[in-house]
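In what follows, a single structure is set out as C-alpha cells and then discussed.
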Amino acid sequence: MIVEETAQKIRTMEIRGAGRIARAAAQALLEYSRNLHDRDLAGYCREIQRAADLLVSTRPTAVSLPNAINLVIKPLMNESVVEVAWKNLEERASGFIKRSEDAVSIIGALGARNIRDGDIILTHCNSEAALACILNAHQQGMNIEVYATEVRPRNQGHITIKTLSDAGIKTNFIVDSAARHFMKEVDLCITGADAITVNGSVINKIGTSQIALAAHESRVSFIVAAETYKFAPRTILGERILIEERTPDEILPPEMRSELRNVTVRNPTFDVTPADYVDLIITEAGVYPPEMAYTVIKEQLNWDNADLSTDYPYCEEE
Ligand code: RI2
C-alpha cells in the first residue's frame, strides 16, 4: 500500500523534485520492508523487487530515483539470511535519506560562497538545492534579490516564491519567456538538476537551457546545485537520458484540443543544457566544473562496471 501510494504521488507530482522523489522512494522501501518481516528470503526479495520496479517506473528522467533505489536494494543480491537482509536494507534506506538531507544543507553553504552581497539571482523551477544556496546567503546577512520564473505548465515557481517571500527575500516573479528580457539585471543564475551526464550536460526543468543560453550571451554566471546522486553513471556507456513528456492536458484542456484537429500539443518536462553553458556544479562533495562529471561519477558514486548488471538502468535510451 505504502509503495503504491508513494508511486502514485510521484507520478502525479504530488511528491516532486528530484531529491524529494529519491527520498520518498527510499522511505517507501523502508516502510514496506518493515511489513515483510514474516517472509522468507526469496519472498522478501521478490516483494522488494516488485516495489522497486513500480517506484522506478514513475518518472523516467530524474536519475536520483533509480540511483537511490539501486543503492537501497542492490546489495540484497548478496544476502543469505532474511533478518540480515531486511535490517541492512532498512539501514541503507534511512542512511540515504539522512545523507540526502545533509547534502542539501552542505550544498547551501558551498553555494552561498558563490553569491556576493548585492547579487541579483535568477532561479528557474523549484529546486531545494538551488534554494538552499540562496537561503544560506540570505541567512548570512547578504542583501540579495531574486528573479523567479513561473515554470509553465505546472507552476512550480509558485512554491519557490512562497519560500523566498517567507524567508524575507526580495523576489520578482516573472513569466518564463521574460528571462532573457531581465538577464541584463541579473548577476548569477542558479538552478537544480534532475540528471547530469558524464559530459557535464545538465538535464533540468524545461526552459533551463534557454536561460543558460541567455546567461551565456550576457556573460552572467550559470551555476547548478545538485547532489552527487543526480549524476548519471550509465551515461559513461553512452546511454542518453530519457526526457519525460507528460500529458498534453497539462497545457491545453481536451475540450479545446478536440477543436484543433491539426494541432499536436508537446509537453516535454525537461531539457538539456550543454556543459558549455554551465560554469560550476555545486555538490555536497565540492564544487566542480561540468567537465569533471566523470570524476564525480567514478569517485563519489563509486560506480564501476559491475553496475552494468543492475536491473535498474540509471538512464534509458532517448
Ligand atoms: P531538487 C525538479 O523536477 C526541477 O526540475 C528541479 O530543478 C529539480 O527537480 C531538482 O530539484 P520536477 O519534479 O532535487 O518539478 O533540487 O519535475 O529539489
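The values are calculated or read from the model by the stated rules, or taken from the named source; none is laboratory data. Because the structure is a prediction, the values reported are computed rather than measured. Cβ atoms come from the backbone with ideal geometry, glycine included; neighbour counts cover every protein chain shown.
General remarks:
- Every pair of residues 6+ apart whose Cβ atoms lie under 6 Å, when the first sits in the range 169-180 and is in the same structural domain as Ile144 (by TED's automatic domain parsing) and over 14 Å from Val151 (Cα atoms) while the second is of a type outside the set (Gly, Ala, Ser) and part of a helix (DSSP H, G or I): Ile169/His138; Thr171/Ile161; Thr171/Leu164
- Selected residue (criterion: nearest to the ligand (Cβ to nearest atom)) from residues of the range 138-160 that are among the aliphatic types (A, V, I, L, M) and over 15 Å from Ile174 (Cα atoms): Ile144
- Test result for Asn35, more than 19 Å from Thr6 (Cβ to Cβ), among the polar types (S, T, N, Q) and surrounded by fewer than 20 Cβ atoms within 10 Å (Cβ to Cβ): no
Let's see how each residue does on (1) outside any strand (DSSP E or B); (2) buried (at least 21 other Cβ atoms within 10 Å of the Cβ):
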position	(1), (2)
Pro153	yes, no
His158	yes, no
Leu164	yes, yes
Ala178	yes, no
Ile203	no, yes
Leu213	yes, no
Val224	no, yes
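- Any hit, the range 121-131, residues being farther than 30 Å from Asp249 by Cβ, part of a helix (DSSP H, G or I) and either more than 16 Å from the ligand (Cβ to nearest atom) or in the same structural domain as Asp194 (by TED's automatic domain parsing) (or both): no
- Of everything in the range 226-250 that is in a loop (DSSP other than H, G, I, E, B), within 12 Å of the ligand (Cβ to nearest atom) and touching a Pro at 6+ places or on another chain (Cβ under 9 Å), the residue that is farthest from Trp303 (Cα to Cα) is Arg246.
- From the options Ala85, Ala93, residue that is touching a residue at least 60 places away in the same chain (Cβ under 8 Å) and away from the ligand (no atom under 15 Å from the Cβ): Ala93
- In this entry, Leu135 passes the filter for residues that are within 16 Å of the ligand (Cβ to nearest atom), farther than 30 Å from Trp303 by Cα and not in a loop (DSSP other than H, G, I, E, B).
- For beta carbons closer than 9 Å, sequence separation of 6+ or different chains, a first residue in the range 258-272 that is of a type in the set (Ser, Thr, Tyr) and a second that is in a loop (DSSP other than H, G, I, E, B), the qualifying pairs are Thr269/Arg59; Thr269/Thr61; Thr269/Arg154; Thr269/Asp194; Thr269/Ile206; Thr269/Ile243; Thr269/Glu244; Thr269/Arg246.
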